[in-house]
Amino acid sequence: MTHDAGQPGLALLRRWWRPALVVGLVLLAVVWRLVRADLGAPPNLELVTAATFAATLLLRSRWAFVVPLAVTVVSDVVLGNTTIALFTWSAWLVVGLGSLLARDTSGWRRVGAGAAFGVAGSLWFFLWTNFGVWLQSRGTWYAPGVDGLVASYVAGLPFLRTMLLGNLVLVPLVAAGTLLVDRLETSRGLAGATPHPA
């Protein structure tokens, strides 16, 4: 007999509450991406990186890497794809894969890992997508040589600043939130809800 044999509600909660939290964060990230401009928020203030980090820590599954790609693809269907979609989608895919490095962190190391992940993810997104902008617009917006590439990066600096500052706050914040989830599970007898790494 299992520990939950007489408590089917507890067993169900153990199985579903972390995935439900992740689904909620993903939906929030999608909605934010759709309404951000209408609310007057600065470009590149995004929730995708934070949602990705939280999903990795809550699910402890290698499949959490699909979260940023799912958010971007779903919202792009509504917003309309652009010629840079190949670079933005692949950038988020790498961010998702990078988040897997932190899935076994615990305690306050997790918050530090969140800060490092926020910085690394922001810099990677900036470098890769601005390279894509330069590559696809050589000879039109930017010169085809190194000068044009540098100009593309310079033009993207305001977007990097917003993304970097946002992720330096949001990612450690959700990392701390996952620590709270762990503590609540322990205090309420839901410790078995933590999925095994897959």
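The values are calculated or read from the model by the stated rules, or taken from the named source; none is laboratory data. Please read all numbers here as calculations on a predicted model, not as lab measurements. With ideal geometry, Cβ positions are generated from the backbone for all residues, glycine too; neighbour counts draw on all protein chains shown. Remember, those area values only see protein heavy atoms, side chains included, never the ligands or the DNA or RNA. Shrake-Rupley method; radii C 1.70, N 1.55, O 1.52, S 1.80 Å.
Looking only at region 49-60, decide whether some residue is aromatic (Phe, Trp, Tyr), within 20 Å of residue 132 (Cα to Cα), in a helix (DSSP H, G or I) and in contact with a helix residue (DSSP H, G or I) (Cβ under 8 Å, 6 or more places away or on another chain). Scanning region 49-60, I find no residue that is aromatic (Phe, Trp, Tyr), within 20 Å of residue 132 (Cα to Cα), in a helix (DSSP H, G or I) and in contact with a helix residue (DSSP H, G or I) (Cβ under 8 Å, 6 or more places away or on another chain), so the answer is no. Looking only at residues in region 137-157 that are under 29 Å from residue 47 (Cβ atoms), without any contact (Cβ under 8 Å) to a residue 24 or more places away in the chain and open to solvent by less than 30 Å² (accessible area, probe 1.4 Å), the one that is farthest from the chain's Cα centre (by Cα) is 137.
Here is a yes/no grid of residues against (1) more than 13 Å from the chain's Cα centre (by Cα); (2) surrounded by 15 or more Cβ atoms within 10 Å (Cβ to Cβ); (3) not aliphatic (A, V, I, L, M):
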position	(1), (2), (3)
57	no, yes, no
67	no, yes, no
73	yes, yes, no
77	yes, no, no
89	no, yes, yes
104	yes, no, yes
113	yes, yes, no
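Report yes if residue 25 is touching a Lys or Arg at 6+ places or on another chain (Cβ under 9 Å) and closer than 26 Å to residue 185 by Cα, otherwise no. Criteria not met by residue 25.
Residues being more than 14 Å from residue 88 (Cβ to Cβ) and of a type in the set (S, T, N, Q): count how many of those fall in region 117-159.
So the count comes out to 3.
Scanning region 118-151 for residues being at pLDDT 95 or above and among the polar types (S, T, N, Q) gives a total of 3. Can you confirm whether residue 160 is in a helix (DSSP H, G or I) and either open to solvent by 40 Å² or more (accessible area, probe 1.4 Å) or modelled with pLDDT under 95 (or both)? No, not satisfied.
Scan region 163-190 for residues that are assigned to a helix (DSSP H, G or I), surrounded by 13 or more Cβ atoms within 10 Å (Cβ to Cβ) and not hydrophobic (A, V, I, L, M, F, W, C) and report the count. Residues meeting the conditions: 7.
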